[in-house]
Amino acid sequence: MAEATPPGWRLELFDTLGSTSDLCKVRADVGEAAGLAVQARVQTAGRGSRGRGWSDPVGNLAISVVLRPDAALVQHAGLWPFVSALALHDALAGAAGDATGLRIKWPNDIVLSGRKLAGILIETGGPAAAPWVVIGFGANIASAPQIEGRALACLADAGCTEDAPAIGRRLLWALDARIAQWQRDGFEAIRVAWLAQAHAVGARLAIRRGDDYIEGSFQGLSEQGHLMLGLDNADILRVSTGEILLLN
């Protein structure tokens with residue numbers, strides 16, 4: 001278990017906070033340097049993707065970070081979901097007693113035996129001369145919220161006995177390592193590592209776009225991070241956005 005934060009990080013832990021990402025964005029806009037991490041034991045106004053709320057009761061992970069990427073990484077903003085998903089998977093797997101059912105669902109959700117366990121929200125801003133990236137991580141650690149129509153999991157189901165602050169520190173170490181890997185080896189190394197932890201090639205998926213669904217099979221990840229969906233007519237659809245549903 002990580003007992004301390006990595007060098008260069010400043011972790012602020014709150015008992016209760018509306019949104020860790022909102023606070024990070026405010027701080028980034030007034031010049032906060034890279035390496036700020038804001039964690040809340042309880043988050044009352046968390047946000048998920050596509051404008052959804054995210055419930056963070058006591059005992060779960062709610063942490064956001066401020067990054068100020070160099071020019072090379074700013075040009076590849078669409079690849080942050082894969083880097084951050086790997087880091088979150090690393091941290092959760094390291095804390096789980098049994099991580100065999102822990103998988104990444106494109107692009108950056110974490111599922112446990114097919115049930116959503118964690119999600120990531122990435123936001124960018126700032127002037128061209130000083131851009132920032134704020135990454136918000138939410139994960140069910142001690143318990144899973146009860147939401148009608150949704151199957152959710154928590155890390156306690158996989159034998160986790162660590163608390164959320166400890167997993168938050170794990171995450172910062174893992175994020176440092178994955179960013180360094182990206183800078184050193186390029187996105188291809190991240191792509192290969194992401195595929196090793198994702199739903200299996202051939203898995204049946206559906207892409208939801210509004211009220212429409214497109215079904216097919218997962219055929220991998222492109223060099224640009226697109227999901228490759230094999231259609232029943234043997235065509236390959238490159239998906240850059242849309243909600244993914246696992247069908248098996």
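Since every read-out is calculated from the coordinates, none of them should be taken as a lab result. The model shown is predicted, which means the values in this text are computed figures rather than measured ones. Cβ placement follows ideal geometry from the backbone for every residue including glycine, while neighbour counts extend to all protein chains displayed.
Annotations
- Charged-residue dipole, Cβ positions (Lys, Arg, Asp, Glu), the chain about Cα centre, Debye nearest 20: 100 debye
- Region 105-177 and region 180-237: distance between their alpha carbon centers, rounded to Å: 20 Å
- Unit charges at the beta carbon, dipole of region 21-170: most positive-side option, ALA96, GLY114, PHE82: GLY114
- Net charge dipole, region 204-246: roughly 100 debye, given to the nearest 20, about the Cα centre with Cβ charges of +1 for Lys and Arg and -1 for Asp and Glu.
- Working note: 222 nm ellipticity from helices only, DSSP H runs with n ≥ 4, each -39,500 (n - 2.57), summed and divided by the residues of the chain, gives -8000 deg cm²/dmol to the nearest 500.
- Amide H partners (placed H, <5 Å) of ALA203, local residues excluded: PHE218
- The label-point distance for THR241 and ALA180, in a model that sets each label 7 Å from Cα toward Cβ, rounds to 3.5 nm.
- GluC sites (Glu not before Pro) within region 170-248: DSSP coil, no more than 10 neighbouring Cβ in 10 Å: GLU223
- Sparsely packed trypsin sites (Lys or Arg not before Pro) within region 60-163, loop by DSSP, other Cβ within 10 Å at most 16: ARG150
- Cut-off under 5 Å, modelled amide H: who pairs with LEU36 long-range: ARG10, VAL66
- Taking the DSSP bridge list for region 74-171 and keeping only pairs wholly inside it, about 95 percent are antiparallel.
- Ascending count of other beta-carbon atoms within 10 Å, so fewest first, for ILE167, ILE190, ILE236, ILE179: ILE236, ILE179, ILE190, ILE167
- Cα-based Rg and Dmax for the chain, where Dmax is the largest Cα-Cα distance (Å): 17.4, 53
- Taking 1.567 mPa s as the viscosity and 4 °C as the temperature, the Stokes-Einstein diffusion coefficient of region 97-169 based on its alpha-carbon Kirkwood radius rounds to 94 µm²/s.
- Equivalent ellipsoid semi-axes - Cα gyration tensor, region 204-246, angstrom: 15, 13, 8
- Spherically averaged projected area of region 157-222 from its Cα convex hull (nm²): 7.1 nm²
- Of the DSSP H helices in the chain, those whose Cα atoms cover at least 20 Å axially and whose Kyte score averages 0.5 or more: 80-95
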